[in-house]
Amino acid sequence: VPAAGAVADRDTAALVAQVRRGLLVSDLWYTRVLDPKSLVVTGLTRNGVWLIEDGEVTSAVRDFRFTESYPRALGPGRVLGLGRRPVRQPDRLDGVWWEGPSLRLAEWNFTGGASG
């Protein structure tokens, strides 16, 4: 049974439809800057990650660790798709929101599972 509510807008649905096998990430639950010069960030996902198979969201997954350089992940040839409209997301602070478009990236460096 596909994860109900995983894709909230048409732009994201169009990007998901292009993915043979991958992950839909709607929330990087915790992030910490490792190196401000190279913009290497580490963190965890919690809820907000789904498996995509043949352009369809198939199931929820959780608890991945990642370490990624934002300039590498967003560099030339790495952004495979971009939503046309910004999607509103809550910040960790009450009453604070931010907006950004959906992205389809060539790669994101998930380094393993997280527990605890």
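The values are calculated or read from the model by the stated rules, or taken from the named source; none is laboratory data. The structure presented is a predicted model; accordingly, all values stated were derived computationally and were not measured. Note: ideal-geometry Cβ built from the backbone for every residue, glycine included; neighbour counts use all protein chains shown. To get the accessible areas, we keep the full protein, side chains included, count just its heavy atoms, and leave off ligands, DNA and RNA. Shrake-Rupley method; radii C 1.70, N 1.55, O 1.52, S 1.80 Å.
At-a-glance table
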quantity: Filter result for Asn109 (without any contact (Cβ under 8 Å) to a residue 24 or more places away in the chain and not aromatic (Phe, Trp, Tyr)); calculated: no
quantity: Any hit, region 73-95, residues being open to solvent by less than 40 Å² (accessible area, probe 1.4 Å), at pLDDT 90 or above and touching a Phe, Trp or Tyr at 6+ places or on another chain (Cβ under 8 Å); calculated: yes
quantity: Check on Ala6, open to solvent by less than 70 Å² (accessible area, probe 1.4 Å), touching a strand residue (DSSP E or B) at 6+ places or on another chain (Cβ under 6 Å) and at pLDDT 95 or above; calculated: no
quantity: Test: residue in region 99-106 that is at pLDDT 95 or above, under 14 Å from the mean Cα position of the chain (by Cα) and open to solvent by 70 Å² or more (accessible area, probe 1.4 Å); calculated: no
quantity: Qualifying strands (runs of 3 or more DSSP E) (wholly inside region 1-101; at least 3 residues being in contact (Cβ under 8 Å) with a residue 24 or more places away in the chain and closer than 24 Å to Thr111 by Cα); calculated: 21-25, 40-44, 49-53, 56-61, 64-69, 79-90
